[in-house]
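Working notes for the structure below.
The values are calculated or read from the model by the stated rules, or taken from the named source; none is laboratory data. Keep in mind the model is a prediction, meaning the values are calculated, not measured. Positions of Cβ are generated from backbone atoms using ideal geometry, with glycine treated the same way; all protein chains shown enter the neighbour counts.
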Amino acid sequence: MPRPDSVPPDVQARLDGARARIASACAKAGRDPAGVRLVAVSKTFPAEAVRAVHAAGQRVFGENYVQEGVDKIASLAFLADAAIEWHFIGPLQSNKTRQVAEHFAWVHGIDRLKIAERLSEQRPPGMPPLNVCIQVNVSGEASKSGVTPAEAAALAQAIAALPRLKLRGLMSIPEPVAGVDAQRAPHRALRFLFERLKAAGLDLDTLSMGMSADLEAAIAEGATLVRVGTAIFGERERPL
């Protein structure tokens with residue numbers, strides 16, 4: 001693992017910038033920054049980029065593609081003693097659940113009971129329970145994964161009863177909009193749903209919402225996990 005003084009200055013600056021944005025948003029919202037965890041979303045970036053961000057002090061990373069994520073976890077296994085934590089983000093196909101159950105600590109994006117049941121069955125008994133969040137399609141986009149707000153309660157109750165899983169909360173990827181007020185609306189809707197589920201007796205503590213473009217709006221509405229990729233790793237190359 002590189003020494004801290006070997007971290008490229010641009011990497012340290014981008015990570016520090018993301019943390020500063022979180023701290024500023026928390027100050028404006030009257031929240032303790034310790035209540036918001038940063039997930040550095042490293043999809044499409046090589047293991048070397050993750051290693052550099054890790055050396056800069058980041059410990060929580062998110063991946064969107066199963067095989068890519070599993071390969072990075074294997075190649076960076078020597079960092080495990082430094083408390084690296086891997087989150088799988090987004091929809092998951094049933095034929096990929098075993099790899100996720102065996103390698104990740106969190107799954108953001110469960111929207112079907114079948115997927116949760118497979119993760120529960122395939123989570124190795126010697127590992128801690130797999131932390132999971134339900135993805136809710138708060139914007140109603142046909143192209144987006146996630147349950148409707150009306151379906152969330154029944155799915156949450158069913159997942160909460162499964163062994164080797166720990167239902168932590170809700171996750172969303174709202175439709176991109178301009179302006180903080182417009183960005184806050186779908187995050188507010190997810191927070192209201194989260195509060196209703198807690199009032200119904202579910203033991204939830206996590207709102208996974210907000211990315212590089214809207215983390216301030218998400219934090220203002222109660223996000224406890226923000227998923228930031230571009231602001232930390234830079235722009236992703238677009239396919240030709």
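Per-structure values
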{"item": "Residue among Ser172, Ser212 that alone is under 19 Å from the mean Cα position of the chain (by Cα), under 22 Å from Asp111 (Cα atoms) and polar (S, T, N, Q)", "result": "Ser172"}
{"item": "Where a residue in the range 21-40 is over 17 Å from Asp214 (Cβ atoms) and modelled with pLDDT of 95 or more and its partner, wherever it lies, is not basic (Lys, Arg) and not in a loop (DSSP other than H, G, I, E, B), with Cβ under 7 Å and at least six apart", "result": "Asp32/Cys26; Pro33/Ile22; Pro33/Ala23; Pro33/Cys26"}
{"item": "Residues that are touching a residue at least 60 places away in the same chain (Cβ under 8 Å) and surrounded by 22 or more Cβ atoms within 10 Å (Cβ to Cβ), drawn from the range 60-79", "result": "Gly62"}
{"item": "Residue in the range 120-146 that is farthest from Ala218 (Cα to Cα), counting only those that are hydrophobic (A, V, I, L, M, F, W, C) and in contact with a strand residue (DSSP E or B) (Cβ under 6 Å, 6 or more places away or on another chain)", "result": "Leu130"}
{"item": "Scope the range 189-212; condition surrounded by fewer than 16 Cβ atoms within 10 Å (Cβ to Cβ) and not aromatic (Phe, Trp, Tyr); matching residues", "result": "Glu195, Arg196, Lys198, Ala199, Ala200, Gly201, Asp203, Asp205"}
{"item": "Single condition Leu119 does not satisfy, out of (1) surrounded by 19 or more Cβ atoms within 10 Å (Cβ to Cβ); (2) modelled with pLDDT of 95 or more; (3) farther than 30 Å from Pro149 by Cβ; (4) of a type outside the set (Lys, Arg)", "result": "(3)"}
{"item": "Test: residue in the range 36-49 that is part of a strand (DSSP E or B) and over 18 Å from Gly234 (Cα atoms)", "result": "yes"}
{"item": "In the range 80-92, residue nearest to Val39 (Cα to Cα) [restricted to those that are surrounded by fewer than 18 Cβ atoms within 10 Å (Cβ to Cβ), modelled with pLDDT under 95 and out of contact with any Gly (no Cβ under 8 Å at 6 or more places or on another chain)]", "result": "Ala83"}
